[in-house]
1. Need the list of lysines near Lys40 for cross-linking: C-alpha distance under 26 angstrom, and skip anything on the same chain fewer than eight residues off.
2. What is segment 1-53 by shape, rounded, prolate or oblate, if you read a ≥ b ≥ c off the alpha carbon gyration tensor as root eigenvalues and call it rounded for a/c under 1.5, prolate for a/b larger than b/c, and oblate otherwise?
3. Counting pairs of alpha carbon atoms under 8 Å apart in space and at least six apart in sequence, what relative contact order in percent does segment 57-116 give?
4. Which order do the peptides 79-87, 40-48 come out in when sorted by mean C-beta neighbours inside 10 angstrom, highest first?
5. Please list Lys39, Lys67 from largest to smallest accessible area, probe radius 1.4 Å, with all protein chains kept in place.
6. Kindly provide the helix-only [θ] at 222 nm of the chain, computed as the sum of -39,500 (n - 2.57) over DSSP H runs of four or more divided by all residues, to the nearest 500 deg cm²/dmol?
7. Name the residue from Val115, Leu20, Ala52 whose Cα lies farthest towards the positive end of the charge dipole of the chain, charges +1 on Cβ of Lys and Arg and -1 on Cβ of Asp and Glu.
8. Treating only the Cβ of Lys, Arg, Asp and Glu as charged (+1, +1, -1, -1), what charge dipole size does segment 1-89 show about its Cα centre? Round to the nearest 20 debye.
Amino acid sequence: MNEVTVPSMSLLQQIITIFLCIAGTMLTRFLPFLIFSSKKPVPRFAHYLGKALPSAVFAMLVVYCLKNVPIAAAPHAIPEAISIFITGALYVWKRNMFLSISAGTVCYMLLIQLVF
């Protein structure tokens, strides 16, 4: 049997990695406040991105999750279709993305564990 060895990082490499993660997170959190001061109005493209990106990210998530679903083989993507319907219907009804994604995920997990 072939044994796989995983290279480990030194303490310095771990510290540098943690620092870079912290710096990247801080930069993404503070950069909008540095670019868009409170004295100037927010540019129109920023408002557009704020409205368009959530839907685009949601659409990409759906495509990513469904890219390897076998339609020709049993259960013929039925659990996925039911879960997508539940997610969409809940979002149209309640307009709460967290609730709809959570309910769709729970629905899918219950379907594949208990029904299919």
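The values are calculated or read from the model by the stated rules, or taken from the named source; none is laboratory data. Small disclaimer: the values here were computed from a predicted structure and weren't measured. Note that each Cβ is placed from the backbone with ideal geometry, even for glycine, and that neighbours are counted across all protein chains shown. Ligands, DNA and RNA are stripped out before the accessible areas are found, and what is left, the full protein with its side chains, is counted by its heavy atoms. Shrake-Rupley method; radii C 1.70, N 1.55, O 1.52, S 1.80 Å.
1. Candidates past the 8-residue exclusion: Lys51.
2. Details: a/c = 9.58, a/b = 2.43, b/c = 3.94.
Oblate, because a/c is 1.5 or more while a/b does not exceed b/c.
3. Values: 32 pairs, mean separation 17.8, N = 60.
About 30 percent, as a whole number.
4. On the way: 79-87: 17.6, 40-48: 10.1.
Going from most to least packed, we get 79-87, 40-48.
5. Values: Lys39 185, Lys67 125 Å².
Per-residue accessible area, sorted high to low, gives Lys39, Lys67.
6. Values: 4 runs with 79 residues, N = 116.
-23500 deg cm²/dmol, from helical runs alone.
7. Ala52
8. Values: 6 positive and 2 negative charges, 141 e Å.
The dipole magnitude comes to about 680 debye.
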